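Asks: Below are the structure tokens for one structure; questions will follow.
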Amino acid sequence: MAEHDEHHLPGPSLWPVGFAIGIAALLVGLVVSWVVVGIGAGVAAIFAFLWVREISVDRNLTAAARELGEGGAVESATGPALPAQAGPAAMPPGERFPRSKFLEGATLGLGGVIGGIVTVPVAGFAIAPVFLHQGHPDIDLGPLSNYPEGKYMVATFMENPSQGEVSRRTAFVRNNGSAQVGGKSEPSFTIISNRCTHLGCPVQPGGPIDDAAKKTFKAGDNELTLIPTIPAGGFLCPCHGSAFDTEGNRTAGPAVRALDRWSFSIKNGHLYLLKNYSVSSVLGSGATAKIEKYDLHGPGQHVNGPEFWFYPVQAPH
């Protein structure tokens, strides 16, 4: 009996799985970190290329098998191929678009539509906040005359007045006088957040607070309170014993870094808070201090060193 080669369907491929993992990592990265986005995109691109190349090879093999089945002369390893009339009975050509192929495509397409209907809303709610403005308007802390040079003031304010008292925050504000910036004399302020960098407890001044000089006033829609203080002992956390000096540097306790700070601007003689940022340490003091700035991190999270790489990836703020 004449022998002939049997052409089998290609085996299962892992490239689609790798492509799906890359896409999943990309979507997760949109929520947690742009580094993860890059890694996911790279993985997806590599596996997509391998997948497409495999499909191309399979198509070429399928085309060759179809030519052989239709009686085309194909040269064998032992010599020239026999004419179609002399070889085994030629297989009748099959349907150009078999019903099994149509059903396969329809099933995959329907599954994709159902998957999209289920996945897109969930992914939208997870990813959309990353592309939306989540900050707050600039916070007016009132005229500069409220902040005597060289003295700390305990300032309480609403981070977003439209949200009411639930957004009330506290910061320690010191007027450092003037600083030379780009050859120009600019006002300098030290504005330290009272959120402990251990677990987020409210930090207190390590010195007397002059309640008799307390001042409450309105600045636009915001209601502010200013109380003079002398933090001779720096700032202390009453919860777990972390301690910080007058520049916010950690001096004792379980806190992992210096206290966070606020950036600021001066508009029409008023002091405005812009946004929070994290600090590793502060060298020097006042207007001449050198601040090691980082993007805002959560309490307990290191901003540099080996510990930073072992901390779980955080969502962007």
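Asks: Of the conditions (1) in a loop (DSSP other than H, G, I, E, B); (2) surrounded by 14 or more Cβ atoms within 10 Å (Cβ to Cβ); (3) of a type outside the set (A, V, I, L, M, F, W, C), SER281 clears all except one; give me its number.
Replies: SER281 satisfies all of (1) in a loop (DSSP other than H, G, I, E, B); (2) surrounded by 14 or more Cβ atoms within 10 Å (Cβ to Cβ); (3) of a type outside the set (A, V, I, L, M, F, W, C) except (1).
Asks: Of these, GLY241, GLY164, which one is assigned to a loop (DSSP other than H, G, I, E, B) and either touching a Lys or Arg at 6+ places or on another chain (Cβ under 8 Å) or surrounded by fewer than 15 Cβ atoms within 10 Å (Cβ to Cβ) (or both)?
Replies: Details: GLY164 fails: assigned to a loop (DSSP other than H, G, I, E, B).
Only one candidate qualifies: GLY241.
Asks: Something else now. So which residues in region 190-229 are open to solvent by less than 80 Å² (accessible area, probe 1.4 Å), part of a loop (DSSP other than H, G, I, E, B) and not aliphatic (A, V, I, L, M), if there are any at all?
Replies: ASN194, CYS196, THR197, HIS198, GLY200, CYS201, GLY206, GLY207, ASP210, GLY220
Asks: As an exercise: evaluate PHE157 against (1) of a type outside the set (S, T, N, Q); (2) open to solvent by 40 Å² or more (accessible area, probe 1.4 Å); (3) closer than 30 Å to HIS302 by Cα; (4) in contact with an Asp or Glu (Cβ under 9 Å, 6 or more places away or on another chain) and give the number of the one condition it does not meet.
Replies: (2)
Asks: Any residue in region 286-311 that is closer than 30 Å to SER178 by Cα sitting within a Cβ distance under 6 Å of a residue that is of a type in the set (Ser, Thr, Tyr) and open to solvent by 50 Å² or more (accessible area, probe 1.4 Å)? List the pairs, counting only those 6 or more apart or interchain.
Replies: Every condition considered, the pairs that remain are VAL303/TYR294.
Asks: Moving on to the next point. Has region 1-16 got any residue that is open to solvent by less than 80 Å² (accessible area, probe 1.4 Å), modelled with pLDDT of 75 or more and within 25 Å of ASP295 (Cβ to Cβ)?
Replies: No, because not a single residue in region 1-16 is open to solvent by less than 80 Å² (accessible area, probe 1.4 Å), modelled with pLDDT of 75 or more and within 25 Å of ASP295 (Cβ to Cβ).
The values are calculated or read from the model by the stated rules, or taken from the named source; none is laboratory data. This is a predicted model, so every value here is computed, not measured. Cβ: placed from backbone, ideal geometry, glycine included. Neighbour counts: every protein chain shown. For the accessible areas, the whole protein counts, side chains as well, though only heavy atoms, and no ligand, DNA or RNA atoms are used. Shrake-Rupley method; radii C 1.70, N 1.55, O 1.52, S 1.80 Å.
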